[in-house]
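Report on the following structure.
The values are calculated or read from the model by the stated rules, or taken from the named source; none is laboratory data. Quick caveat, the model's predicted, so the values are computed rather than measured. All Cβ positions, glycine included, derive from the backbone under ideal geometry; neighbour counts span all protein chains shown.
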């Protein structure tokens, strides 16, 4: 009698689907912008973008939240290429002489914004703290894995040539980059972006300060959208317990202060998340900003 345990090979032929498009939507190449995302923040950003789905406004809010948390290095208006990945071949088994066990990816990006960025170039050299996201014509691509970075500044002999930093970014991953809608306003140096911080609490009044990356154009409004309280056992919407009059942003303003008032009583202990909508100021859609306040 054969008492050997049965061996059941795992099937590698999993069912997959190909999206057939008779009128395929084409995407134009060229690495046009890039973002370096802190690898420790990468899962948070991915989760927020995946949850946003095809809602471009929600995706943009996720990007600005990461920017305000200082988890991004945005490098706009570059020129570069990505090699698509080079297969790493290993010993094959069965009838296969070899098998692909990995891919080595390389992107080379030219940045003419040299003046004033020597310290940054020096600090980023050989860093493996960041994950590269790069933009093509209408999409931004998530490379998933932390990359090694080297920086060169070649000087050509022609007097009309431009100095540039040449970033070489390399990473290893069996997976190809994943695309999302391009947050184009993130790369616009003249775009309006707001950051809001809680400056002080005096009695039942909370004093907030809004600062703007660029001057507000045409005026705008800051509106309280919601307040959520996490007391450790549940998350409750407590917006109705507070009063906030929509604040008008003056055209040309670079910063403002405004208040939110607790209607009555003392706030319960827990973590409060204030969500504000900043509209106008030349934006096509509102920007959402969250501020966390801890009450003990």
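For every residue, the table says whether it meets (1) in contact (Cβ under 8 Å) with a residue 12 or more places away in the chain; (2) touching a helix residue (DSSP H, G or I) at 6+ places or on another chain (Cβ under 6 Å).
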position: 33; (1), (2): yes, yes
position: 43; (1), (2): no, no
position: 48; (1), (2): yes, yes
position: 51; (1), (2): no, no
position: 55; (1), (2): no, no
position: 62; (1), (2): yes, yes
position: 69; (1), (2): yes, no
position: 81; (1), (2): yes, no
Long-range neighbours under 8 Å by Cβ, at least six apart or interchain, first residue free of Cβ contacts under 8 Å to residues at least 24 places away in the same chain within region 157-175, second in a loop (DSSP other than H, G, I, E, B)
161/155
For residue 157, work out the one condition from (1) in contact with a helix residue (DSSP H, G or I) (Cβ under 6 Å, 6 or more places away or on another chain); (2) surrounded by fewer than 20 Cβ atoms within 10 Å (Cβ to Cβ) it doesn't fulfil.
(1)
Please go through region 49-76 and pick out each residue that is part of a loop (DSSP other than H, G, I, E, B) and in contact with a strand residue (DSSP E or B) (Cβ under 6 Å, 6 or more places away or on another chain).
71, 76
Within region 218-231, considering residues that are under 25 Å from the mean Cα position of the chain (by Cα) and crowded, with 16+ Cβ neighbours inside 10 Å, the one nearest to residue 287 (Cα to Cα)
222
So if I check each of 210, 269, 234, which one is buried (at least 17 other Cβ atoms within 10 Å of the Cβ), out of contact with any helix residue (DSSP H, G or I) (no Cβ under 9 Å at 6 or more places or on another chain) and not assigned by TED's automatic domain parsing to the domain that holds residue 52?
210
Do you know which residues across region 85-121 are exposed (fewer than 11 other Cβ atoms within 10 Å of the Cβ), on the phi > 0 side of the Ramachandran plot and under 25 Å from the mean Cα position of the chain (by Cα)?
116
